[in-house]
1. Within the group Gly298, Gly259, which residue is over 19 Å from Lys199 (Cβ atoms) and surrounded by 21 or more Cβ atoms within 10 Å (Cβ to Cβ)?
2. In segment 232-239, is there at least one residue being under 17 Å from Gly319 (Cα atoms) and of a type in the set (Ser, Thr, Tyr)?
3. Restrict the check to segment 58-76 and report whether at least one residue is in contact with a strand residue (DSSP E or B) (Cβ under 8 Å, 6 or more places away or on another chain), of a type in the set (Asp, Glu) and either open to solvent by 70 Å² or more (accessible area, probe 1.4 Å) or not in a loop (DSSP other than H, G, I, E, B) (or both).
4. Which of the residues spanning segment 84-96 are touching a strand residue (DSSP E or B) at 6+ places or on another chain (Cβ under 8 Å) and buried (at least 17 other Cβ atoms within 10 Å of the Cβ)?
5. Does Val18 satisfy being open to solvent by less than 20 Å² (accessible area, probe 1.4 Å) and closer than 15 Å to Met108 by Cα?
6. Looking only at segment 347-375, count how many residues are open to solvent by 40 Å² or more (accessible area, probe 1.4 Å) and closer than 19 Å to Ala147 by Cβ.
7. Could you tell me whether any residue of segment 116-123 is among the charged types (D, E, K, R), at pLDDT 95 or above, in contact with a strand residue (DSSP E or B) (Cβ under 6 Å, 6 or more places away or on another chain) and surrounded by 14 or more Cβ atoms within 10 Å (Cβ to Cβ)?
8. Being open to solvent by less than 30 Å² (accessible area, probe 1.4 Å) and not in a helix (DSSP H, G or I) is true for just one of Gly104, Gly140. Which residue is that?
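The values are calculated or read from the model by the stated rules, or taken from the named source; none is laboratory data. Just so it is clear, the structure is predicted and the values come from calculations on it, not from any experiment. Don't worry about glycine lacking a Cβ; one is built from the backbone with ideal geometry, like all the others, and counts go over all protein chains shown. Surface accessibility is based on the protein's heavy atoms, side chains included, excluding ligands, DNA and RNA. Shrake-Rupley method; radii C 1.70, N 1.55, O 1.52, S 1.80 Å.
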Amino acid sequence: MAGFKTLDDIGAVSGKRVLVRVDLNVPVADGKVTDATRIERIAPTIAELSKKGAKVILLAHFGRPKDGPSAEFSLEPIARATAEVLGRPVGFAADCIGDKAAEGVAAMKDGDVLLLENTRFYKAEEKNDPAFTEKLAANGDIYVNDAFSAAHRAHASTEGLAHRLPAYAGRTMQAELDALEKGLGNPVRPVVAIVGGAKVSTKIDLLMNLVRKVDALVIGGGMANTFLAARGTDVGKSLCEHDLAPTAKQIMIEAAEAGCAIILPADGVVAKEFKAGAKSETVAIEAVPADGMILDVGEKTVQSVNDWIDRAATLVWNGPLGAFEIEPFDRATVAAAMHAAARTKAGKLVSVAGGGDTVAALNHAGVADDFTYVSTAGGAFLEWMEGKPLPGVEVLKR
């Protein structure tokens with residue numbers, strides 16, 4: 001983390017008010033948090049600052065409220081869940097600025113933790129409004145950003161505050177940036193990327209960036225069909241963006257010029273309908289029936305993917321190889337994920353993965369904990385893979 005200021009650079013914080021931007025945009029049902037993963041990830045930063053005597057004031061958003069404050073998007077239930085994860089009380093202030101926030105902060109003792117209400121109850125948050133940012137800053141002496149998942153947004157609480165207060169990366173942000181540096185910033189080569197998903201149209205920038213940075217690019221999921229079709233292969237009734245054939249061809253041309261190998265499916269698992277337990281068969285990719293849909297890659301392709309993983313020193317993964325949500329079309333993704341996990345556990349591979357479907361697929365395969373790093377950041381992870389600067393990260397540079 002040579003390029004970023006972290007908690008190691010922060011100095012004495014006892015008695016200081018530390019505004020910590022965290023990601024508490026967690027799933028909630030019937031007023032209860034159903035997945036506390038994001039809370040667990042911010043716990044080390046909160047605990048470290050609290051132990052050093054800081055007054056830890058948490059800033060976060062929740063959902064996409066459109067019309068100001070509402071019970072539906074209140075962070076109050078999440079304060080209770082955060083207290084459970086931390087094993088200590090977490091106070092709650094019913095506003096993130098103004099009198100209610102100021103009163104909550106004024107009542108804090110050294111080491112206390114306080115969560116302020118949803119920053120997105122104010123439209124000025126997403127506009128990065130300077131006046132709103134000043135009101136947030138009024139409650140803090142130091143700013144810590146521990147929400148990489150929101151770092152691709154130039155909002156008041158993710159970017160603006162770093163210009164108003166001494167700013168540092170929290171431990172979760174630090175771990176994410178370290179992992180991403182190992183993945184693409186300054187990786188050990190060879191580097192192999194696996195990119196899957198339904199559509200090429202959502203990942204054009206990503207693919208264009210990767211072919212210039214990795215040694216081999218495995219393309220799976222529905223987007224592989226667009227590349228196959230661009231190459232002249234009949235993909236039957238498979239999901240395919242035929243209008244993006246020129247784009248796919250250009251990506252393949254740029255890959256060839258950059259010396260990046262493109263690995264496309266050699267065989268596919270084909271069915272006439274997309275549903276659980278649908279009758280399917282594995283065929284050579286050139287033999288897809290006119291009424292068939294490719295819903296997963298076959299064993300030959302899995303072997304090829306695993307061979308490339310064996311050659312790699314670094315693996316970056318975004319997107320499943322098939323329609324993993326429905327059996328039996330999860331087999332290829334699970335097999336490749338297990339192989340990558342085994343190589344990682346053996347100390348032979350640095351594996352970095354991210355994106356919502358990817359996290360779900362690795363959890364489905366039971367190997368998420370065995371990868372070097374799995375990002376839950378979603379949009380921020382994708383924009384990083386696309387080579388775009390992230391506003392919330394740029395302001396933390398030394």
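1. That would be Gly298, the only listed residue that is over 19 Å from Lys199 (Cβ atoms) and surrounded by 21 or more Cβ atoms within 10 Å (Cβ to Cβ).
2. no
3. Yes, some residue in segment 58-76 is in contact with a strand residue (DSSP E or B) (Cβ under 8 Å, 6 or more places away or on another chain), of a type in the set (Asp, Glu) and either open to solvent by 70 Å² or more (accessible area, probe 1.4 Å) or not in a loop (DSSP other than H, G, I, E, B) (or both).
4. Leu86, Val90, Gly91, Phe92, Ala93, Asp95, Cys96
5. yes
6. 1
7. No, segment 116-123 contains no residue that is among the charged types (D, E, K, R), at pLDDT 95 or above, in contact with a strand residue (DSSP E or B) (Cβ under 6 Å, 6 or more places away or on another chain) and surrounded by 14 or more Cβ atoms within 10 Å (Cβ to Cβ).
8. From the options Gly104, Gly140, the qualifying one is Gly140.
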